[in-house]
Amino acid sequence: MEKRNWVQRVTLGLCVVLLAVNLWQGKRLERLEHSISNAQMNIMADIRNMESTVYSRLQEEDKLVQYWSDTPSVNMETRCLDLEVSVVLKEWREDTAAELLWVGEGSTVGEGSAPLTGDGKGTFTGVLSIPLDKGWMEFALVLVTLDSEGRRRESLGVVYGTDELLPVQCNSQGGRTQAEYLKSVFTVYECGAELYTKYYPVHAAGTEDHVFRLRRNGEIVAEQAAEPGDRSGSYFCGKLSAEAQPGDRMSVTFFCRDGNGLGYEFLLQDWIAVEERDVVSGGSEWADWPKLTWENTRRPG
């Protein structure tokens with residue numbers, strides 16, 4: 001009996017050892033499979049990166065334009081945004097002619113063009129005019145060349161909004177702005193705005209006639225001359241208020257005029273007066289702003 005029990009214990013021990021060996025081998029196999037899978041993924045990623053690099057280089061070699069630059073300015077007479085553009089071609093011929101197009105993107109429909117003049121050394125320059133009196137527009141720049149070898153068309157790889165090319169831009173400083181609707185009066189406290197410029201020298205973008213406005217359903221119902229803030233280009237006002245009815249759309253805007261007399265009105269914040277003590281965000285179309293004013297207006301007192 002003891003001998004049989006001894007054999008059973010030995011057999012059981014061997015089974016346990018065999019099970020442990022199987023588990024150990026299974027984990028090694030699982031780690032090996034995981035390593036092989038990672039290696040395959042890394043190899044595929046390297047192949048994709050190589051393909052992308054080769055494709056990018058082939059595209060770069062096939063490009064017509066080596067370098068280009070532009071300088072924006074506002075033409076007050078034509079009410080257009082003028083882009084003075086310089087394009088350097090990789091290859092050109094004596095008979096190469098070039099023109100630059102602006103082509104509407106997104107919700108903007110339309111296009112315009114301007115001929116470019118060559119200097120005989122591969123550089124072509126010209127002025128492209130984009131209308132500013134049609135509201136906000138989004139557009140791409142496209143170069144077209146024509147010579148004895150045929151016609152080529154190439155995007156310059158940029159999409160502009162007319163607002164970002166204006167001499168003056170504005171950020172809302174609305175961190176402390178509060179809106180209150182009480183006893184049929186809508187009030188906004190602590191309005192703030194900060195002006196800056198991207199493409200123009202600071203002195204050329206100097207502004208005046210800084211005014212905060214409160215609009216009700218699009219109409220101006222209150223305004224107040226802005227006070228300069230602590231930082232250059234920053235402005236604030238304490239309070240704007242006007243009567244309002246439930247459902248009225250209320251918005252705070254900031255108006256200023258640049259050195260050329262062009263007026264800008266920027267949307268800072270907007271709300272809907274729902275009911276007493278209740279206001280919600282208005283959800284205005286920000287693409288409709290800024291609104292430009294070409295005629296001089298009297299500065300509010």
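The residues of segment 100-248 present an accessible area of 52 Å² per residue when probed at 1.4 Å with all protein chains retained. Each label was represented as a point 7 Å from its Cα along the Cα-to-Cβ direction; for Lys63 and Glu154 these points are 0.8 nm apart. The distance between label points at Ser113 and Glu84 comes to 2.4 nm (points 7 Å beyond Cα on the Cα→Cβ vector). Separation of the alpha carbons by more than 28 angstrom is noted, of Lys134/Lys198; Lys183/Lys239; Lys63/Lys121; Lys90/Lys134, for Lys90/Lys134. The tail of the calculated P(r) for segment 167-301 beyond 21 Å holds 39 percent of all Cα-Cα pairs.
The values are calculated or read from the model by the stated rules, or taken from the named source; none is laboratory data. Worth saying up front: this structure is predicted, and the values here are computed from it rather than measured. Glycine also receives a Cβ, built like all others from the backbone with ideal geometry; neighbour counts cover every protein chain displayed. Please note that ligands, DNA and RNA were not included when accessible areas were found on the heavy atoms of the full protein model with its side chains. Shrake-Rupley method; radii C 1.70, N 1.55, O 1.52, S 1.80 Å.
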